[in-house]
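Structure first, commentary second.
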Amino acid sequence: MSAVPRLPGTLAVPAEAATPVLARLPRSPGVWAQAWARLRKDRVGMVSLWVVAVFLLLVLLAQFGVIGAQWQAEVGEPFAPPTFVGAPQKVAEVAQAKAPPNVDLSDVDPLAPRYAEWQARADKVKTVVAVRSPTLPFGGDRIGRDVLAKTIKGAQVSILVGIAAALLATLIGTILGAVAGYFGGKLGDFLEWVYNVFTSVPYILLIFALAAVFKSGPLAKTFANGITPVVIILGAVGWTGIYRLVRAEYIKHRSREYVRAAEAIGAGHLACMFGHILPNISHVVLVQLSLHVVAFIKAEVILSFLGLGVPIDMVSWGTMLSEAQTELVLGKWWQLTAATVFMATFVTAFALLTDALRDAMDPKLR
């Protein structure tokens, strides 16, 4: 029977007896398990999580056509008010034109005897007249489309643009910042030069230049439809702020004891960069991700307003706000209200959720 190596002055313990004891020792929970336990104690964070989850569920259902697929259907009257407002009162007709009774029109119109025959034939033709609702749950736009369906479909487009572009920008900025801050040297100097080139051009001009390339340049045919051009434009422009913060954090953590200890036990560069340092700065990345989601949703609104955003056959919160400008002059406020309330609710919940995640994952608060 083999024995566990012992220190001088101690008794030798058989290996077979030591193994069950080691198996019964409590294991320390991981970083993500501890963060989830702290997040569950935050009521505001959990409520925000449920709100964001509901919006993401709406986006998923709209993506597969379960809801909001018929947003282009003219189901209501033009500018149909919301149901809780009630249908508008119609002005009764003052008079109706009626032909005088017992008047023979054959002397005036030779075709008068055949009018009855033609009317009988016309009555046999079945025509389908679409019945439009005088009110809709959230009202209708200028041609009678349901504002609620448009808002849900617009949420799909705007949220997908914001999240996808923010993830792309965060991925680019985090990887480049990690490489520049961890390795430094000539590689870090080169990445700093790339960063300075991007930041030397005004942000809005760079967006407009890339948008013009995707809309009418050599890439216009490749990215003619969809939200891909907007995502690429925003992601390619918005990574610089994340890069700078991540680079500074990696420079600070590169020489700390836990990284040196990981290197001493044989951990590679990738393990140190993304297995040890990244979890300790994840709160910084999450905050930047939240800020960029909000900023990119606003940027999509601006691009769509100027005709450089989503295609004209798609709807987003940006196109709805653009349409609502002319409607608001006429006193039709429901499309502006619906788009604003949905956007404000999602943005606020997403920001509060990110603050809760930051507090849950901040190593200083553990």
Any residue that is free of Cβ contacts under 8 Å to residues at least 40 places away in the same chain, of a type in the set (Val, Ile, Thr) and surrounded by 21 or more Cβ atoms within 10 Å (Cβ to Cβ) - is there at least one of those in segment 279-292? yes
Just to verify a result, which residue in segment 141-167, among those that are of a type in the set (Val, Ile, Thr) and in contact with a strand residue (DSSP E or B) (Cβ under 9 Å, 6 or more places away or on another chain), is nearest to Thr228 (Cα to Cα)? Val147
Over 27 Å from Met343 (Cα atoms) and either surrounded by 14 or more Cβ atoms within 10 Å (Cβ to Cβ) or of a type outside the set (Lys, Arg) (or both): which single residue out of Phe274, Phe296, Phe208 fits that description? Phe274
Residue among Ser316, Ser290 that is within 30 Å of Glu249 (Cα to Cα) and touching a helix residue (DSSP H, G or I) at 6+ places or on another chain (Cβ under 7 Å): Ser290
Given the criteria touching a Leu at 6+ places or on another chain (Cβ under 6 Å), buried (at least 18 other Cβ atoms within 10 Å of the Cβ) and over 24 Å from Ala211 (Cβ atoms), does Leu357 qualify? yes
Test for Val44: is it modelled with pLDDT of 85 or more, touching a helix residue (DSSP H, G or I) at 6+ places or on another chain (Cβ under 7 Å) and in a helix (DSSP H, G or I): yes
Just give me the residues in segment 164-196 being within 22 Å of Val51 (Cβ to Cβ), surrounded by fewer than 24 Cβ atoms within 10 Å (Cβ to Cβ) and touching a helix residue (DSSP H, G or I) at 6+ places or on another chain (Cβ under 6 Å), in sequence order. Ala164, Thr170
Looking at segment 274-297, can you tell me whether even one residue there is within 19 Å of Gly188 (Cα to Cα), in a helix (DSSP H, G or I) and not hydrophobic (A, V, I, L, M, F, W, C)? no
Taking only segment 149-162 into account, find how many residues are out of contact with any helix residue (DSSP H, G or I) (no Cβ under 7 Å at 6 or more places or on another chain) and surrounded by fewer than 24 Cβ atoms within 10 Å (Cβ to Cβ). 1
Which of (1) assigned to a helix (DSSP H, G or I); (2) touching a residue at least 24 places away in the same chain (Cβ under 8 Å); (3) within 29 Å of Ile312 (Cβ to Cβ) does Leu61 not meet, given it meets every other one? (2)
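The values are calculated or read from the model by the stated rules, or taken from the named source; none is laboratory data. Every value quoted in this text rests on a predicted model; they were computed, and no experiment measured them. Positions of Cβ are backbone-derived with ideal geometry, glycine not excepted, and every protein chain shown enters the neighbour counts.
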